Protein chains: 6
Amino acid sequence: MMHQMIKLLDRVVGFKQAQAHCDIPCKIYDPSGALLAALSCVRMIDLIHEVGDGMSLSVSDVAKISRLVREKEKTCNDVKDEVRIIWGDYFKSAQFEQVEGMHAMVHDIMVQASKCKQGIDRADSEALVEKINLFAEAFWLTKGVSTYRAPCPYPPALETVYPDLMS
Amino acid sequence: MMHQMIKLLDRVVGFKQAQAHCDIPCKIYDPSGALLAALSCVRMIDLIHEVGDGMSLSVSDVAKISRLVREKEKTCNDVKDEVRIIWGDYFKSAQFEQVEGMHAMVHDIMVQASKCKQGIDRADSEALVEKINLFAEAFWLTKGVSTYRAPCPYPPALETVYPDLMS
Amino acid sequence: MMHQMIKLLDRVVGFKQAQAHCDIPCKIYDPSGALLAALSCVRMIDLIHEVGDGMSLSVSDVAKISRLVREKEKTCNDVKDEVRIIWGDYFKSAQFEQVEGMHAMVHDIMVQASKCKQGIDRADSEALVEKINLFAEAFWLTKGVSTYRAPCPYPPALETVYPDLMS
Amino acid sequence: MMHQMIKLLDRVVGFKQAQAHCDIPCKIYDPSGALLAALSCVRMIDLIHEVGDGMSLSVSDVAKISRLVREKEKTCNDVKDEVRIIWGDYFKSAQFEQVEGMHAMVHDIMVQASKCKQGIDRADSEALVEKINLFAEAFWLTKGVSTYRAPCPYPPALETVYPDLMS
Amino acid sequence: MMHQMIKLLDRVVGFKQAQAHCDIPCKIYDPSGALLAALSCVRMIDLIHEVGDGMSLSVSDVAKISRLVREKEKTCNDVKDEVRIIWGDYFKSAQFEQVEGMHAMVHDIMVQASKCKQGIDRADSEALVEKINLFAEAFWLTKGVSTYRAPCPYPPALETVYPDLMS
Amino acid sequence: MMHQMIKLLDRVVGFKQAQAHCDIPCKIYDPSGALLAALSCVRMIDLIHEVGDGMSLSVSDVAKISRLVREKEKTCNDVKDEVRIIWGDYFKSAQFEQVEGMHAMVHDIMVQASKCKQGIDRADSEALVEKINLFAEAFWLTKGVSTYRAPCPYPPALETVYPDLMS
């Protein structure tokens, strides 16, 4: 998908001025919130697995799992809300032309976030992070801001997309 | 109780114009939200029972139960809020005259919703649905709108009260 | 769009069994919440216009508008949440095949709900109700449940889609 | 109403042991939250009146009123929630026998709290405080705890019911 | 710490008029909400321990623990919010001069409340109540209101700080 | 303050291993949420000023201001929550040694965020952003991650602190 985007990027001319009047109303959109939530989801799943080893669970274990699950639910809901807001409020026809398949990408994120709510499979949450990475790259592409990938500076230290604002 | 209501219905004259000035402020009241919440409570209890069979529970099982319990709590709180709003904001003396024992009915719903929060007995949640059915029938009676009962078109497929708006 | 759907309906065979395994996890989905929220948005806009006549506003007027705006915001957010949940959790490839253009329909609802948040134009909120009506018809079509339209039994008495569960 | 209660108090024998098994599930109920919310409602109304003098309102004035109204809404909702919880979860038949007319008293509080949401009349909020005072006295009566009235130690310095726990 | 405070109290002159202009904006601050939340946290931990005895836990047990943990989380968050608001909005330089070490006291409460979220050790929650007791005494000292300690009139019947408003 | 920090940075030895055991429990802390909220607060204030010019305000103007104020309240509350969590959960004695005056810095942020809630002075919100910038620099310093400042890639385009993760 990123390959397609990069090709699109080469073709797009003058999209910077286009964005000026479709950013209304508040003009602050940032996928960092969705990314942070997705990374937190991975952490919650890791911490859930740290509690128990499949043996008999104590009251204290169950209490721990309960609160971790609660936080996991919240992280997934946050992912959904953050992505829905950017997609629903920021993406207009100009952006949809720049990024193919955005509707399906967003729906796919909703499905993946639900999977992460329903289970505790770490691979599901890693997939969620990567889907949000791609979403973030698509978003910054429409803004004309280049991005880079680096491990986030805290656990789970997964590769995360950041805007390159220094250059 | 419904029998009493139907008898009341026959006695009531001109209550349609009475309702006109007690519907203030927003005039939209609808027990469908409370019913949906009560039906969802039944579903959560069903899904909780599907997780485990009384044998030793795994971390994954506990995680599932935790999130189902969280949703169950929410459904019961929603039932309480929806019923409290209709009772507190819509029911005025004119409506209390039409439906006997409304205060006790509402208190009884609060008690039943608490029972559903405290345990996972399906019978408790079925009783909650039926109490909300009766509440919905009482509500629509004060509105002069006839109702019918049909299984809701999704699990748990329990008999649910709907306003008859077609005739 | 409804015309297309009805044509689709004729073509679809056996979708009732198809729905059995895509309703997971909770299987209760109902667009009535979104509809109620959209109708409430119309009401809030009506009540806002009732407060003032364009003349100088008093402290009391401003206080009234403030709380009505707050409720309007809530109704629009509820519309977005309810629709996003049904779209994200219930709609799978089987449903997308039954209803063309669902992604665009949902995005369009988000845009319309934002419009209703940003302003107080009654026409915008009426358009929102109709978009949710179409969404509800699409939803019930995938469920194999027929629908009818009737004025909602309270202000704003706009034409609203209901499932026909009596027949 | 308090007079009736005091008469009741004289008649009640042994209600302390009665309360032992109706306090389930959490046994912590305290009307101080409802009182604090009602007093805060009075304050919000006072602060709203401080903003404007009926003359033309500036953007800054409107911004101030908006946030005060938002807090006022919250205080009224808190009153409703706190009272509903004590009434719905704590009051059982034993308590209803001790305090006559509790259902009507609670409904009346809901109506009064709605009035305070709808307008900015200080008398309405003062009436709300007094209704919660009576509710608090009724509550502590069922607990066998005596109460006293004193001005709350902050604005609006209105007479407030406190349990007498020193003696 | 209380000893220091009492010494401070003797030294402080004229702090009543000082408080008049630092109470802005709303002037209602009351540590009773934080205390109630801390006491509720103790209760939740007690109820969690009542569920299980370390033996194999049933689905129903896990469901009960889940909802008690959810409430425990809420009580701890409420403690943090209530204390943060009083510290952040009410405490100004005048109050900081009256009570030494307030910053550290508040940070310590945050740490303790987190401990109570993370585990189910009753001693942790008892320590939280005592820390809030000291905070309440510090608060009332800055208000020039004397306090007393009495067991709260419901479980867990722990010593709790109340303002003495009768004298 | 940053000067002091940089001096501190030179003196600190081996703080990377120190952070390993004070990051518990979730280890994901990131001031980007607080920064985004503070920047959004500036935007809300800008948008509020765009609505009116001091002339007579229409119903539509008041409606717009109301919702912008509501969002402004939320951004300030988010700032407070995000900062409180990092300070309360992440900062332990090791971090306090690295950054002098952290308690006062956090309290000062609470006060500044309250100012931004109470009024619509742009300078207040700019000051809030800078205070969070300093907080973010202090935070990343304790993590051993270097930072840079760049205008945020959307309005209000104010200088914002970002971690430098590329090098």
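Taken together, the values in this text are just the output of simple stated rules run on the coordinates, not laboratory data. What you see is a predicted model; the values in this text were computed from it and never measured. Glycine also receives a Cβ, built like all others from the backbone with ideal geometry; neighbour counts cover every protein chain displayed.
Rounded, prolate or oblate: which fits the range B:90-158, taking a ≥ b ≥ c as square roots of the Cα gyration tensor eigenvalues, rounded meaning a/c under 1.5, else prolate when a/b beats b/c? Here the range B:90-158 falls in the oblate category.
Going by how many other Cβ atoms sit within 10 Å of their own, how do D:W140, A:W87 line up, fewest first?
D:W140, A:W87
Once backbone amide H atoms are built at 1.01 Å from N, F:Y148 has F:Y162, F:D164 as its partners under 5 Å, excluding neighbours fewer than 5 places away on the same chain.
Among chain B residues, the one whose Cβ is nearest the axis of the rotation from B to D, given with its distance rounded to whole Å, is B:H103, 2. Would you mind ranking F:R43, F:R149 so that the residue whose beta carbon has the fewest other beta carbons within 10 Å leads the list? Sorted ascending by nearby Cβ count, the order is F:R149, F:R43. For peptide D:145-151, the mean count of partner chain Cβ atoms within 10 Å of a residue's Cβ comes to 2. Placing a label point 7 Å from Cα along the Cα-to-Cβ direction at E:K74 gives distances to the equivalent points in the other copies of 1.4, 1.4, 1.7, 1.7, 2.2 nm, listed shortest first. Per-residue Cβ neighbour counts within 10 Å put F:I85, D:I65 in the sequence F:I85, D:I65, beginning with the fewest.
Within 10 Å of the Cβ of each residue in B:129-140, the mean number of Cβ atoms contributed by other protein chains is 0. Phi angles across the range B:156-165 convert, under the Karplus curve 6.51 cos²θ - 1.76 cosθ + 1.60 with θ = phi - 60°, into 3J(HN,Hα) values of x, 6, 7, 4, 9, 8, 10, x, 9, 9 Hz, Gly and Pro given as x. Pairwise Cα separations in the range C:44-90 fall into 10 Å bins from 0 onward with the following percentages, short to long: 26, 36, 20, 13, 5. Computed on the Cα trace of the range E:30-163, the radius of gyration divided by the Kirkwood hydrodynamic radius gives Rg/Rh = 1.04. With label points defined 7 Å past Cα in the direction of Cβ, position F:A104 shows copy-to-copy spacings of 1.6, 5.9, 6.2, 6.2, 6.7 nm, given to one decimal and shortest first. Taken residue by residue and averaged, Cβ atoms of other chains lying within 10 Å of the Cβ of A:92-104 number 1. Modelled label positions at D:K74 and A:Q118, each set 7 Å beyond Cα in the direction of Cβ, lie 3.7 nm from each other.
Placing R0 at 35 angstrom, the Cβ-Cβ distance between E:V145 and F:D108 gives a FRET efficiency of 0.80 after rounding to 0.05. With label points set 7 Å from Cα along Cα→Cβ, the inter-copy distances at D:M166 are 0.6, 6.5, 6.8, 6.8, 7.1 nm, sorted shortest first.
In the structure displayed, which of A:K92/F:K143; F:K27/F:K131; B:K92/D:K117; C:K117/D:K64; E:K80/F:K131 lie more than 27 Å apart, Cα to Cα? Intermediate results must be reported in sequence, preceding the final value.
Values: A:K92/F:K143 39 Å; F:K27/F:K131 23 Å; B:K92/D:K117 17 Å; C:K117/D:K64 20 Å; E:K80/F:K131 22 Å.
In this structure, A:K92/F:K143 exceed 27 Å between Cα atoms.
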